[in-house]
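Everything on this sheet refers to the single structure shown next.
Since every read-out is calculated from the coordinates, none of them should be taken as a lab result. Remember, predicted model here, so these are calculated numbers, not experimental data. Neighbour counts are summed over all protein chains in view; Cβ atoms, including those assigned to glycine, are modelled from backbone coordinates with ideal geometry.
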Amino acid sequence: MTGARVVTFHYTLRDPAGQVLDTSAGGEPVTYLEGAGQIIDGLDTRLRASAAGAKLSVAVPAAEAYGAHDPAQVQRVKRAVLPVAGELQVGDKFQAGEDRQAPVVTVVAIEGDEVTLDANHPLAGVDLTFEVELVAARAATAAELAHGHAHGTDGAGHCQ
Ligand code: ZN
């Protein structure tokens, strides 16, 4: 990662229908170390050539964002086996097991006593468009390169 930068940016993320999925507007901008996996690869690589002050629209295909939607991750199960009390609704999300590492699943259909669950990332299969304003960019410090992450906008931030 020699020559990697630490980049700070604001973004608004939209799906192909133009709906806003997420935005940093009104909040803190995102700061990351290039090539360190702190943001999705498809965005990281597309911002490499941009300098501070740049405003650009960045299209990231699903394959370079959260991956293709995997039909094998969609399963029908009996309502009774689910570890969730109360009423279930389409769109509900919950952890599929006791383990903290258990995947988060989304309820995509309910038919009678059967529930269809999707364990894909909610943005799997979605082509993304980021409107980016690059707030700042600087060379990474030796400590940041050694740690593999950014230490805040000015490099003086602490980490565990
Ligand atoms: Zn660190």
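Among the residues in the range 86-103, are any without any contact (Cβ under 8 Å) to a residue 60 or more places away in the chain, assigned to a strand (DSSP E or B) and not hydrophobic (A, V, I, L, M, F, W, C)?
Yes - at least one qualifying residue is present in the range 86-103.
Could you give me the residue pairs with C-beta distances under 9 Å whose first residue belongs to the range 134-160 and is of a type in the set (V, I, T), whose second residue is near the ligand (Cβ under 8 Å from one of its atoms) wherever it lies, and which are 6+ apart or on separate chains?
These pairs meet every condition: T141/H151.
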